[in-house]
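*Asks:* Quick one: structure below, then a few questions.
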């Protein structure tokens, strides 16, 4: 089977966030059993949370690679190609390898009574690949935690990044309910590193950890000092050591602290942690892809993510003209996101990514108006408009990782990124 055939079949399985979707571990467990349980005996770091879990996973994986481990990384969603979801030592699997893994997993799925979903299928592919290739792997939860397909592994350590409101229709309408789903990744006796949380979420995580006898490690127990943040990264002192983080934004320092604590628990040396954090890259998160004007891609799609992006704009854009290209999914808290971002835009372009759940630009502007707003029917048209910005302007593409991924792919095709 070719790569394109594998991808077409995966997409035919549909969107897992559709209304009425049922989550559970039965299908993935049956699929893995059919494959000989490739997850058994592997070493995993399992990471849940609302914001920053992908960045934190990227940091941990890069540190482990610098420590000499053959390191797997499983994240979602992808920006351009599904191969991005499964990585080995910092590189996505090849299209040929992806097709091989799909063929193997699909053959097992054909023997089951119930068809696995897109995410369950790719999760199984990743677990097979990591069994073949890796010393240790870092898994990002797809949605929630308790019923997520990644929650079939027995990790050596877990981490929970900041919990906020997102996917409420699936996870619950309170922080306590959402935290309960995220804390579902905790396993008996397995240590968990916890980022700073709202009190409501902290209580839920602590109770779950106590029930399971999990060592609870808080990043706030060793505060950061001597913080120096710039538009392109940051440096800080933690536990008597100096670190640089290659990902921009003050919020990434908290993710870095989580990654540091996880890696120290794993016994990784300080020099390896320093090297891994300084060199980490994570596409679509305050990613500068071109200059004059500056094009920055950021996948902020919920209120907490928008707050982090707004803080970055206020701190580092100064007197520069700010353009925002915005598109979003229908199930997001549009007004809570746009109320933070739109007032910072000197020029606003509202568009819709080529994705079934995308919200029409007209509907966005009905909820959140802007004096200097224009509509672009496609992301490609939005890019053409943005290219007319003055050389000293900064243009942010944001609101959805689907928008960011589409923009990144189009910019690459025209030689901008």
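The values are calculated or read from the model by the stated rules, or taken from the named source; none is laboratory data. All figures in this text were calculated on a predicted structure; none of them were measured in a lab. Backbone-built Cβ (ideal geometry, glycine too); neighbour counts: all protein chains shown.
Each row is one residue, and each column tells you yes or no for (1) at pLDDT 95 or above; (2) surrounded by 15 or more Cβ atoms within 10 Å (Cβ to Cβ).
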{"site": "361", "(1), (2)": "yes, yes"}
{"site": "367", "(1), (2)": "no, no"}
{"site": "392", "(1), (2)": "yes, no"}
{"site": "398", "(1), (2)": "yes, yes"}
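*Asks:* Counting just the residues of the stretch 271-282 that are surrounded by fewer than 19 Cβ atoms within 10 Å (Cβ to Cβ) and in contact with a helix residue (DSSP H, G or I) (Cβ under 8 Å, 6 or more places away or on another chain), which one comes out farthest from residue 229 (Cα to Cα)?
*Replies:* Here is the first cut: in the stretch 271-282, the residues surrounded by fewer than 19 Cβ atoms within 10 Å (Cβ to Cβ) are 271-272, 274-275, 278-279, 281.
Among the residues that remain, those that are also in contact with a helix residue (DSSP H, G or I) (Cβ under 8 Å, 6 or more places away or on another chain) are: 272, 275, 279, 281.
Details: 272: 22, 275: 18, 279: 16, 281: 17 Å.
The selected residue is 272.
*Asks:* Next question, about the same structure. Name every residue in the stretch 90-106 that is out of contact with any strand residue (DSSP E or B) (no Cβ under 9 Å at 6 or more places or on another chain) and assigned to a helix (DSSP H, G or I), in order of residue number.
*Replies:* Going residue by residue through the stretch 90-106, those that are out of contact with any strand residue (DSSP E or B) (no Cβ under 9 Å at 6 or more places or on another chain) are 91, 94-96, 99-100, 102-106.
Hits for the stretch 90-106 are 95, 96, 99, 100, 102, 103, 104, 105, 106.
*Asks:* Further, regarding this structure: Do we find that residue 62 is modelled with pLDDT under 95, crowded, with 23+ Cβ neighbours inside 10 Å and either closer than 16 Å to residue 158 by Cα or assigned by TED's automatic domain parsing to the domain that holds residue 157 (or both) in this structure? Give the steps one after another, and end with the answer.
*Replies:* On the way: modelled with pLDDT under 95: no; crowded, with 23+ Cβ neighbours inside 10 Å: yes; either closer than 16 Å to residue 158 by Cα or assigned by TED's automatic domain parsing to the domain that holds residue 157 (or both): yes.
The answer is no for residue 62.
*Asks:* While we're looking at this one, here's another question. Quick one: which residue in 407, 373 is surrounded by 19 or more Cβ atoms within 10 Å (Cβ to Cβ) and at pLDDT 95 or above?
*Replies:* On the way: 373 fails: surrounded by 19 or more Cβ atoms within 10 Å (Cβ to Cβ).
The conditions single out 407.
*Asks:* Between residues in the stretch 63-87 that are more than 18 Å from residue 127 (Cα to Cα) and residues that are at pLDDT below 95, which pairs lie under 8 Å by C-beta distance while being six or more apart or on different chains?
*Replies:* 80/412
*Asks:* Right, another one. Can you name every residue in the stretch 106-123 that is surrounded by fewer than 18 Cβ atoms within 10 Å (Cβ to Cβ), at pLDDT 95 or above and under 15 Å from residue 25 (Cβ atoms)?
*Replies:* Listed by number, the list holds a single entry, 112.
*Asks:* Here is a further query. For the stretch 272-374, please list each of the strands (runs of 3 or more DSSP E) lying entirely inside it that holds at least 3 residues being farther than 17 Å from residue 51 by Cβ, over 18 Å from the mean Cα position of the chain (by Cα) and not assigned by TED's automatic domain parsing to the domain that holds residue 255.
*Replies:* Values: elements: 287-290, 294-297, 322-326, 347-350.
Qualifying strands (runs of 3 or more DSSP E): 322-326, 347-350.
*Asks:* Moving to a separate point now. With the condition being crowded, with 18+ Cβ neighbours inside 10 Å and on the phi > 0 side of the Ramachandran plot, I'd like the strands (runs of 3 or more DSSP E) fully within the stretch 158-244 carrying at least 3 qualifying residues.
*Replies:* On the way: elements: 192-194, 216-218, 225-230, 233-238.
So the answer is none; nothing clears 3.
*Asks:* Could you please find all residues in the stretch 155-178 being closer than 17 Å to residue 75 by Cβ and touching a strand residue (DSSP E or B) at 6+ places or on another chain (Cβ under 8 Å)?
*Replies:* Hits for the stretch 155-178 are 155, 158, 159, 160, 161.
*Asks:* Using the structure shown, decide if residue 222 is modelled with pLDDT under 95 and not assigned by TED's automatic domain parsing to the domain that holds residue 397.
*Replies:* Details: modelled with pLDDT under 95: yes; not assigned by TED's automatic domain parsing to the domain that holds residue 397: yes.
Yes; evaluated as a whole, the condition is true for this residue.
*Asks:* Can you name every residue in the stretch 123-151 that is within 14 Å of residue 42 (Cα to Cα) and in a helix (DSSP H, G or I)?
*Replies:* Within the stretch 123-151, the subset within 14 Å of residue 42 (Cα to Cα) is 124, 126-139, 150-151.
If the condition is that a residue be within 14 Å of residue 42 (Cα to Cα) and in a helix (DSSP H, G or I), then 124, 126, 127, 128, 129, 130, 131, 132, 133 are the ones that fit.
*Asks:* Give 141, 152 a once-over and let me know the one that is in contact with a strand residue (DSSP E or B) (Cβ under 8 Å, 6 or more places away or on another chain) and either crowded, with 23+ Cβ neighbours inside 10 Å or within 30 Å of residue 90 (Cα to Cα) (or both). Give the derivation first.
*Replies:* Working: 152 fails: in contact with a strand residue (DSSP E or B) (Cβ under 8 Å, 6 or more places away or on another chain).
Testing whether each residue is in contact with a strand residue (DSSP E or B) (Cβ under 8 Å, 6 or more places away or on another chain) and either crowded, with 23+ Cβ neighbours inside 10 Å or within 30 Å of residue 90 (Cα to Cα) (or both) leaves just 141.
*Asks:* Let me confirm something: among 45, 105, which residue is under 30 Å from residue 198 (Cβ atoms) and either touching a helix residue (DSSP H, G or I) at 6+ places or on another chain (Cβ under 8 Å) or free of Cβ contacts under 8 Å to residues at least 24 places away in the same chain (or both)?
*Replies:* Working: 105 fails: under 30 Å from residue 198 (Cβ atoms).
Every option except 45 fails the conditions.
*Asks:* If you don't mind, there's one more thing I want to ask. What is the one condition in (1) free of Cβ contacts under 8 Å to residues at least 12 places away in the same chain; (2) at positive phi that residue 292 does not satisfy?
*Replies:* It fails just one condition, (1).
*Asks:* In addition: Note down all Cβ pairs under 6 Å where the first residue falls in the stretch 387-399 and is in contact (Cβ under 8 Å) with a residue 12 or more places away in the chain and assigned by TED's automatic domain parsing to the domain that holds residue 294, the second is surrounded by fewer than 11 Cβ atoms within 10 Å (Cβ to Cβ) and assigned to a loop (DSSP other than H, G, I, E, B), and they're at least six residues apart or on different chains.
*Replies:* 391/292
*Asks:* Additional query: Does residue 184 satisfy the condition of being modelled with pLDDT of 95 or more, under 25 Å from residue 119 (Cβ atoms) and in contact with a helix residue (DSSP H, G or I) (Cβ under 6 Å, 6 or more places away or on another chain)? I'd like the intermediate steps shown before the answer.
*Replies:* On the way: modelled with pLDDT of 95 or more: yes; under 25 Å from residue 119 (Cβ atoms): yes; in contact with a helix residue (DSSP H, G or I) (Cβ under 6 Å, 6 or more places away or on another chain): no.
Here the answer is no, as residue 184 does not meet what is asked.
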